[in-house]
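Q: Sending over a structure as structure tokens; questions will come in a sec.
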Amino acid sequence: MSIKVIAFDADDTLWVNEPYFRRAEEAFYGLLNEYLQQHALERELLKTEIANLQLYGYGIKGFILSMIETAITVTNRTVNIEIIENILALGRQMLDEPVVLLEGVEDVLNALKGRYRLVVATKGDLLDQERKLRKSGLAHYFHHIEIMSEKDEANYRKLIRHLDIQPDELLMVGNSLKSDIMPVLNMGGWAIHVPYHITWAHEVIEDKIDNERFQSITNIREILGQL
């Protein structure tokens, strides 16, 4: 492999993220259980979130706006103001959550720094991702931080142009096959999938990947044995 740059996804690759969304969702369903059963609320919220991605992008703020919109919809515009206040409180709580590193992350970054240029390639709300990176204590490991509006092939190509490398000189490490793995493989890069035990439904794909530049591991420490 001719790898010069290793890019890491952030949420659920470097640190815990999705469980905070799941916990907020459960609280949201409890707030609206007199209007709709949970499975129907789940479908309605996901539909609203996906429809709003082009407007709000990814992250907590867009998530909270989508919950408020869903509450308005399922209550036929009769939602109690206290429910809206509780939804806003859920958002503030999420923004104040600690940044908990996943097992082995700092060991891997310590081992790789100096051997490769290390990059964070993530998506989401700019302020929130900057906050999490600052609270994580990991920023000093990285040569470059890229916060994308969408993790697609076009944006990965912009990243490699910025880094002045060829596609086959990039290795992407992440937990999402849809966002972290497929776009990089499609442009000729390398990718390592580190699954996380919780995945947002919008990030799930059913396709099996058969590509010599792809590997799947169970713990991020296994990367060191692949390089």
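The values are calculated or read from the model by the stated rules, or taken from the named source; none is laboratory data. The shown structure was predicted, so the numbers you read here are calculated from the model rather than taken from an experiment. Cβ sites come from the backbone with ideal geometry, for glycine too, and all protein chains shown count toward neighbours.
Q: Any residue in segment 111-123 that is modelled with pLDDT of 95 or more, part of a helix (DSSP H, G or I) and closer than 17 Å to Ile223 by Cβ?
A: Yes.
Q: Look through Leu171, Leu185, Leu224 and report the one residue that is touching a residue at least 60 places away in the same chain (Cβ under 8 Å) and under 25 Å from Tyr58 (Cα atoms). Give the steps one after another, and end with the answer.
A: On the way: Leu185 fails: touching a residue at least 60 places away in the same chain (Cβ under 8 Å); Leu224 fails: under 25 Å from Tyr58 (Cα atoms).
Going through Leu171, Leu185, Leu224 in turn, just one is touching a residue at least 60 places away in the same chain (Cβ under 8 Å) and under 25 Å from Tyr58 (Cα atoms): Leu171.
Q: Given Thr78, Thr48, Thr13, Thr73, which one is hydroxyl-bearing (Ser, Thr, Tyr), without any contact (Cβ under 8 Å) to a residue 40 or more places away in the chain and surrounded by 18 or more Cβ atoms within 10 Å (Cβ to Cβ)?
A: Working: Thr78 fails: surrounded by 18 or more Cβ atoms within 10 Å (Cβ to Cβ); Thr13 fails: without any contact (Cβ under 8 Å) to a residue 40 or more places away in the chain; Thr73 fails: surrounded by 18 or more Cβ atoms within 10 Å (Cβ to Cβ).
Step by step, each of Thr78, Thr48, Thr13, Thr73 is checked, and only Thr48 is hydroxyl-bearing (Ser, Thr, Tyr), without any contact (Cβ under 8 Å) to a residue 40 or more places away in the chain and surrounded by 18 or more Cβ atoms within 10 Å (Cβ to Cβ).
Q: May I pose another question? Taking the condition surrounded by fewer than 16 Cβ atoms within 10 Å (Cβ to Cβ) and within 30 Å of Leu170 (Cα to Cα), does Glu18 pass? I'd like the intermediate steps shown before the answer.
A: On the way: surrounded by fewer than 16 Cβ atoms within 10 Å (Cβ to Cβ): no; within 30 Å of Leu170 (Cα to Cα): yes.
So Glu18 does not fit the description; no.
Q: Please verify whether Leu101 is under 19 Å from Ser176 (Cβ atoms) and either surrounded by fewer than 17 Cβ atoms within 10 Å (Cβ to Cβ) or hydroxyl-bearing (Ser, Thr, Tyr) (or both), treating the condition exactly as stated. Quick ask: steps written out before the conclusion?
A: Numbers: under 19 Å from Ser176 (Cβ atoms): yes; either surrounded by fewer than 17 Cβ atoms within 10 Å (Cβ to Cβ) or hydroxyl-bearing (Ser, Thr, Tyr) (or both): yes.
Considered against the rule, which asks whether it is under 19 Å from Ser176 (Cβ atoms) and either surrounded by fewer than 17 Cβ atoms within 10 Å (Cβ to Cβ) or hydroxyl-bearing (Ser, Thr, Tyr) (or both), Leu101 comes out as yes.
Q: How many residues does segment 129-144 hold that are in contact with a Leu (Cβ under 7 Å, 6 or more places away or on another chain), surrounded by fewer than 19 Cβ atoms within 10 Å (Cβ to Cβ) and under 20 Å from Leu95 (Cα atoms)?
A: 1
Q: Does Ala154 count as under 30 Å from Leu65 (Cα atoms), at pLDDT 95 or above and assigned to a strand (DSSP E or B)?
A: Spelling it out, it is not the case that Ala154 is under 30 Å from Leu65 (Cα atoms), at pLDDT 95 or above and assigned to a strand (DSSP E or B).
To keep it simple, each residue is scored yes or no on (1) modelled with pLDDT of 95 or more; (2) over 15 Å from Asp11 (Cβ atoms); (3) assigned to a strand (DSSP E or B).
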position: His140; (1), (2), (3): yes, yes, no
position: Val173; (1), (2), (3): yes, no, yes
position: Gly188; (1), (2), (3): yes, yes, no
position: Ile198; (1), (2), (3): no, no, no
position: Asn211; (1), (2), (3): no, yes, no
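Q: Out of everything in segment 21-45 that is within 25 Å of Pro98 (Cβ to Cβ) and loosely packed, with under 13 Cβ neighbours inside 10 Å, what residue ends up being nearest to the chain's Cα centre (by Cα)?
A: So, considering only residues that are within 25 Å of Pro98 (Cβ to Cβ) and loosely packed, with under 13 Cβ neighbours inside 10 Å, the one nearest to the chain's Cα centre (by Cα) is Arg22.
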